[in-house]
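The values are calculated or read from the model by the stated rules, or taken from the named source; none is laboratory data. Fair warning: this is a prediction, and the values are worked out from it, not measured in the lab. Ideal geometry is used to build each Cβ from the backbone, glycine not excepted, and the neighbour counts take in all protein chains shown.
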Amino acid sequence: MKAINRSDEEKSQTIKQAERHLKLVKEERAKYRGACEKSATTLEKLFSAGPPPPDACVPPKSHKGTIHYSFDMAQQVHYPCDPFQPGPIFFLTPRKCAIFGICYEAIPRQINYLIDEASNVGKGGNIIISMLHHFLAHHGLGETSVHLHADNCTGQNKNRYLMCYLMWRILTGLHTEVKISFLPVGHTKFSPDWCFGLFKRRYRKTKIGCLDDIVAVVNQSAAPNFSQLVGSQDGTTIVPMYNWSDYFEKTVKTALKGITQMHHFRFLSSRPGKVMVKNTHDDPECMISLLKSSSWRPEPGELPNVIVSAGLSAERQWHLYEKIIEFVPEEAQDLVCPKPTVPKP
């Protein structure tokens, strides 16, 4: 219907463009599956007795080989939650919990970071990089080479700060090679979405009163799912959030031109401060320098400043206390909806 008044040449060109896109998608998905299978083979050689537990804290560069991980942000959930939803809560906003998952397809296993509303420091690259940094330090397998896959969200994943962080891991000696690939736009369903689906299926059937109930639902939803709290309900930090954007602002170039069209990035210890990029898997690589000064190196153990969460606003605290507390189990009311200590706005 949209092309009814267009010429035959335009219609033919559009069909050819669609065919090229589908061919590219098929090839990129094949590369993604190939990376998962290669990682499974490596895992069998490295851990013949089985992979280490999720909280093993394997030291970096303990094992020679390439391990593949995929990460994605899920849609946030709310609590309290009841399968037989009370009518009045439909028009209210219960307490929020965001979810970020990192999946090792070769095991399979996924660590689900639960970000309570009181611990959230906002959207953007800082929060994604901080959780990825925590995962590689506490839940990673200690590989020398890592291959990552993500979607094309430029605000969270596909930005120069994440690229600078991957370069930083090379400069600090945490990896000898880092690769990251982005799936084609419109075709970004992959392993983390599978684990999110298993969690959501159980979440919809379970009565949830507090954050600990969400932790239990994640752990009981399926064998691959494991939970990791970013912060407790009272705002106590468990996974620190670092200000990576300010940390890299003075040392790296202001922009990575054409990043939205690039889908494959590679960092090597033999080429510190540089990234090898290509648009598709069969394109020739192009080398780009990210540093303003090629001599810059981070200090050993140096990390950015910690971002302190502002917690719940006064308006939000009073909304939870006055409107949501009646739907929370009595034993969890002081955790989810405590009486505010700030004046009501």
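Search segment 277-322 for residues being charged (D, E, K, R) and closer than 24 Å to VAL230 by Cβ, and hand back the single one that is modelled with the lowest pLDDT. Reasoning before the result, please.
Just the residues of segment 277-322 that are charged (D, E, K, R), to begin with: 278, 282-283, 285, 292, 297, 299, 302, 315-316, 322.
This time we only want the ones that are closer than 24 Å to VAL230 by Cβ, so: 302, 315-316.
Values: GLU302: 89, GLU315: 95, ARG316: 94.
For segment 277-322, the residue satisfying everything is GLU302.
What residue, of LYS179, LYS205, is farther than 28 Å from THR280 by Cα, among the basic types (Lys, Arg) and not in a helix (DSSP H, G or I)?
Working: LYS179 fails: farther than 28 Å from THR280 by Cα.
None of the other options fit; the residue is LYS205.
If I ask for residues that are of a type outside the set (Gly, Ala, Ser), exposed (fewer than 14 other Cβ atoms within 10 Å of the Cβ) and in contact (Cβ under 8 Å) with a residue 24 or more places away in the chain, which ones from segment 282-295 would you list? Break it down stepwise before answering.
Start the filter on segment 282-295 by keeping residues that are of a type outside the set (Gly, Ala, Ser), which leaves 282-288, 290-292.
Still in the list and also exposed (fewer than 14 other Cβ atoms within 10 Å of the Cβ): 282-287, 292.
Hits for segment 282-295 are ASP282, LYS292.
Go through segment 218-234 residue by residue and tally those that are over 15 Å from ALA98 (Cβ atoms) and in a helix (DSSP H, G or I).
3
Among what's in segment 67-87 and is in contact (Cβ under 8 Å) with a residue 60 or more places away in the chain and more than 18 Å from the chain's Cα centre (by Cα), pick the residue that is farthest from SER39 (Cα to Cα).
So the residue we want is PRO86.
Could you say whether any residue in segment 239-262 is among the hydroxyl-bearing types (Ser, Thr, Tyr), over 30 Å from THR66 (Cβ atoms) and surrounded by 13 or more Cβ atoms within 10 Å (Cβ to Cβ)? It would help to see each step written out before you state the result.
Applying the first criterion (among the hydroxyl-bearing types (Ser, Thr, Tyr)) to segment 239-262 yields 242, 245, 247, 251, 254, 260.
Applying the additional criterion that residues be over 30 Å from THR66 (Cβ atoms) yields 254.
With the extra rule that they be surrounded by 13 or more Cβ atoms within 10 Å (Cβ to Cβ), the set shrinks to none.
No, because not a single residue in segment 239-262 is among the hydroxyl-bearing types (Ser, Thr, Tyr), over 30 Å from THR66 (Cβ atoms) and surrounded by 13 or more Cβ atoms within 10 Å (Cβ to Cβ).
Could you please let me know if PHE190 is hydrophobic (A, V, I, L, M, F, W, C), at pLDDT 95 or above, under 21 Å from GLU143 (Cβ atoms) and surrounded by fewer than 21 Cβ atoms within 10 Å (Cβ to Cβ)?
Numbers: hydrophobic (A, V, I, L, M, F, W, C): yes; at pLDDT 95 or above: no; under 21 Å from GLU143 (Cβ atoms): yes; surrounded by fewer than 21 Cβ atoms within 10 Å (Cβ to Cβ): yes.
Against the criterion (hydrophobic (A, V, I, L, M, F, W, C), at pLDDT 95 or above, under 21 Å from GLU143 (Cβ atoms) and surrounded by fewer than 21 Cβ atoms within 10 Å (Cβ to Cβ)), PHE190 does not qualify.
ASP246 - would you say it is assigned to a loop (DSSP other than H, G, I, E, B), touching a residue at least 24 places away in the same chain (Cβ under 8 Å) and closer than 25 Å to ILE307 by Cα? Give the steps one after another, and end with the answer.
Details: assigned to a loop (DSSP other than H, G, I, E, B): no; touching a residue at least 24 places away in the same chain (Cβ under 8 Å): yes; closer than 25 Å to ILE307 by Cα: yes.
Spelling it out, it is not the case that ASP246 is assigned to a loop (DSSP other than H, G, I, E, B), touching a residue at least 24 places away in the same chain (Cβ under 8 Å) and closer than 25 Å to ILE307 by Cα.
Quick check: anything in segment 58-66 over 11 Å from the mean Cα position of the chain (by Cα), crowded, with 16+ Cβ neighbours inside 10 Å, of a type in the set (Val, Ile, Thr) and part of a loop (DSSP other than H, G, I, E, B)? Write out each step before concluding.
The first filter runs over segment 58-66 and keeps only residues over 11 Å from the mean Cα position of the chain (by Cα), leaving 58-66.
Adding the requirement that they be crowded, with 16+ Cβ neighbours inside 10 Å leaves 58, 60, 63, 65-66.
From what's left, of a type in the set (Val, Ile, Thr): 58, 66.
Of the ones still in play, those that are also part of a loop (DSSP other than H, G, I, E, B) are 58.
Yes, segment 58-66 contains a residue that is over 11 Å from the mean Cα position of the chain (by Cα), crowded, with 16+ Cβ neighbours inside 10 Å, of a type in the set (Val, Ile, Thr) and part of a loop (DSSP other than H, G, I, E, B).
List pairs: first in segment 317-328 and more than 10 Å from ARG95 (Cα to Cα), second among the β-branched types (Val, Ile, Thr) and surrounded by 20 or more Cβ atoms within 10 Å (Cβ to Cβ), Cβ under 6 Å, 6+ apart or cross-chain?
VAL328/VAL336
In segment 182-202, which residues are of a type in the set (Ser, Thr, Tyr) and either assigned to a helix (DSSP H, G or I) or without any contact (Cβ under 8 Å) to a residue 24 or more places away in the chain (or both)?
Residue satisfying the conditions is SER191 alone.
Out of everything in segment 89-125 that is in contact (Cβ under 8 Å) with a residue 60 or more places away in the chain and surrounded by fewer than 15 Cβ atoms within 10 Å (Cβ to Cβ), what residue ends up being nearest to ASN157 (Cα to Cα)?
Residue satisfying both the conditions and the ranking: GLY124.
Just the residues that are among the β-branched types (Val, Ile, Thr) and either assigned to a helix (DSSP H, G or I) or without any contact (Cβ under 8 Å) to a residue 12 or more places away in the chain (or both), please, taken from segment 208-217. Let's see the steps before the verdict.
So in segment 208-217, the residues among the β-branched types (Val, Ile, Thr) come out as 208, 214-215, 217.
Passing the criteria: ILE214, VAL215, VAL217.
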